[in-house]
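Let me begin by presenting the structure, written as structure tokens, before commenting on it.
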Amino acid sequence: MEIIASLDELPKVVAYLENTLPANVIVFLRGDLAAGKTTLTQAIAKEKGIEGEVTSPTFSLQQCYEGHDGTHLYHYDLYRLEHEEFMQMGLFEEFEKSGWHMVEWGSDVLKAFLEGVGYNVAMIEIEPCENGRIYKIES
């Protein structure tokens, strides 16, 4: 699925994801710097009733959020983190937690591994365009 949306139209992208993705999913976010990966995660957090600031976990690697209804959203920034390092740090076990796991800069090796062991994995590629962003969604 491909959706073109401006920042004001981002709720329609989130609505599509809410209606399409399962309750427990790992979502790989792909796009250049400033493509809108964190902005999309912020919009998803808002829809899930998460209050407060949602920021990129650049230095902490992971942020955890909980909505009013008990739903969880996990946000990872794996920039410059190799697959082996990710596994050695024990972050793999975090994917066992229920909720949506938004992964920025995740490697193809990690994605293939997670799919191979049976996780629900989706991919969203974000590209700027003159009217906003193009969201290419594979689930």
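If you check 86, 95, which single one turns out to be part of a helix (DSSP H, G or I), aromatic (Phe, Trp, Tyr) and more than 14 Å from the chain's Cα centre (by Cα)? Give the steps one after another, and end with the answer.
Numbers: 95 fails: more than 14 Å from the chain's Cα centre (by Cα).
It is 86.
If you check 111, 46 for being within 18 Å of residue 10 (Cβ to Cβ), assigned to a helix (DSSP H, G or I) and among the charged types (D, E, K, R), only one passes: 46. Within segment 114-126, the residues that satisfy the criterion of being surrounded by fewer than 19 Cβ atoms within 10 Å (Cβ to Cβ) and more than 22 Å from residue 13 (Cα to Cα) are 115, 116, 117, 118, 119. Of the numbered criteria (1) assigned to a loop (DSSP other than H, G, I, E, B); (2) under 16 Å from residue 97 (Cα atoms); (3) within 13 Å of the chain's Cα centre (by Cα), the one residue 64 fails is (1). Does at least one position in segment 23-37 carry a residue that is farther than 27 Å from residue 87 by Cα, in a helix (DSSP H, G or I) and out of contact with any helix residue (DSSP H, G or I) (no Cβ under 9 Å at 6 or more places or on another chain)? No, the conditions are met nowhere in segment 23-37.
Regarding residue 74, is this residue under 18 Å from residue 22 (Cβ atoms), touching a residue at least 12 places away in the same chain (Cβ under 8 Å), assigned to a strand (DSSP E or B) and among the aromatic types (Phe, Trp, Tyr)? It would help to see each step written out before you state the result.
Values: under 18 Å from residue 22 (Cβ atoms): yes; touching a residue at least 12 places away in the same chain (Cβ under 8 Å): yes; assigned to a strand (DSSP E or B): yes; among the aromatic types (Phe, Trp, Tyr): yes.
Against the criterion (under 18 Å from residue 22 (Cβ atoms), touching a residue at least 12 places away in the same chain (Cβ under 8 Å), assigned to a strand (DSSP E or B) and among the aromatic types (Phe, Trp, Tyr)), residue 74 qualifies.
Quick one: in segment 79-98, of everything that is out of contact with any Cys (no Cβ under 9 Å at 6 or more places or on another chain) and closer than 25 Å to residue 16 by Cβ, which residue is surrounded by the most Cβ atoms within 10 Å (Cβ to Cβ)?
Of segment 79-98, the ones out of contact with any Cys (no Cβ under 9 Å at 6 or more places or on another chain) are 79-93, 95-96, 98.
Restricting the remaining residues to those that are closer than 25 Å to residue 16 by Cβ gives 95, 98.
On the way: 95: 19, 98: 11.
Per the stated criteria, the residue is 95.
Every number in this text was worked out from the coordinates using simple rules, so none of it is lab data. All values derive from a computational prediction rather than experimental measurement. Don't worry about glycine lacking a Cβ; one is built from the backbone with ideal geometry, like all the others, and counts go over all protein chains shown.
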